[in-house]
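Asker: One structure follows; several queries about it will come next.
Read the figures in this text as sums done on the coordinates, not as results from a lab. Because the structure is a prediction, the values reported are computed rather than measured. Cβ: placed from backbone, ideal geometry, glycine included. Neighbour counts: every protein chain shown.
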Amino acid sequence: MDNRLSYDDYPVVFLPAYENPPAWIPPHERVYHPDYNNELTQFLPRIVTLKKPPGAQLGFNIRGGKASQLGIFISKVIPDSDAHRAGLQEGDQVLAVNDVDFQDIEHSKAVEILKTAREISMRVRFFPYRIIIAKKNGLCTRDMQPTAFRAESAKTSWLDL
């Protein structure tokens, strides 16, 4: 009896052509080399200050909270709003507002704090949330392509004061 395996049942896989690795660049030259992106300051925490006159809008949308276990994130910033001009951007994680920790806060409590304050000092950091929320709620396929979005999957609030 022949103990050899038959390969007829396995698919044929063609590999891409071999590509040589990029040339080695000494570390002291990498800072100025165009193939290296050393700009990590966008991920450092920063302070965004907003003053809200009576009847004015803050101009951004938040999502998340304690129930989602992801924190509070800026999910939309209205173009040309005070928030936009102050540097707030979609994907910012709100770490604190007026010295109140926002990393483990209920969504409704976060909305209340933001609505009632007249002067807001927000400590934020850029931390894109879309992939995290999409993976957690099954809103994307294995290769990270978005599937149909379900609005009930995360709380959202417009802060339109």
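Asker: Within region 1-106, which chymotrypsin sites (Phe, Trp or Tyr not before Pro) sit in a loop by DSSP and count at most 14 neighbouring Cβ atoms inside 10 Å? Walk me through the numbers before you get to the answer.
Answerer: Details: sites: Tyr7, Phe14, Tyr18, Trp24, Tyr32, Tyr36, Phe43, Phe60, Phe73, Phe102; in loops: Tyr7, Phe14, Tyr18, Trp24, Tyr32, Tyr36, Phe102.
Sites meeting the loop and neighbour criteria: Tyr7, Phe14, Tyr18, Trp24, Tyr32, Tyr36.
Asker: Let me ask something else about it. So who's got an amide H within less than 5 Å of the one on Asp92, skipping anything under 5 residues away but keeping other chains? H placed 1.01 Å off N, in plane.
Answerer: Amide H neighbours of Asp92: Ile74, Phe127.
Asker: I need the trypsin sites (Lys or Arg not before Pro) found in region 1-87, filtered to DSSP loop residues with at most 10 other beta carbons within 10 Å of theirs. Provide the component values of the computation, followed by the final result.
Answerer: On the way: sites: Arg4, Arg30, Arg46, Lys51, Arg63, Lys66, Lys76, Arg85; in loops: Arg4.
Of the trypsin sites (Lys or Arg not before Pro), the ones in loops of region 1-87 whose Cβ has at most 10 other Cβ atoms within 10 Å are Arg4.
Asker: By count of other Cβ within 10 Å, fewest leading, how are Ile74, Ile120, Ile25 ordered?
Answerer: Listed from fewest to most nearby Cβ atoms, that is Ile25, Ile120, Ile74.
Asker: Looking at region 13-48, which GluC sites (Glu not before Pro) are in a loop (DSSP not H, G, I, E or B) and have at most 14 other Cβ atoms within 10 Å?
Answerer: On the way: sites: Glu19, Glu29, Glu39; in loops: Glu19, Glu39.
Those that pass, being in a loop and sparsely packed, are Glu19, Glu39.
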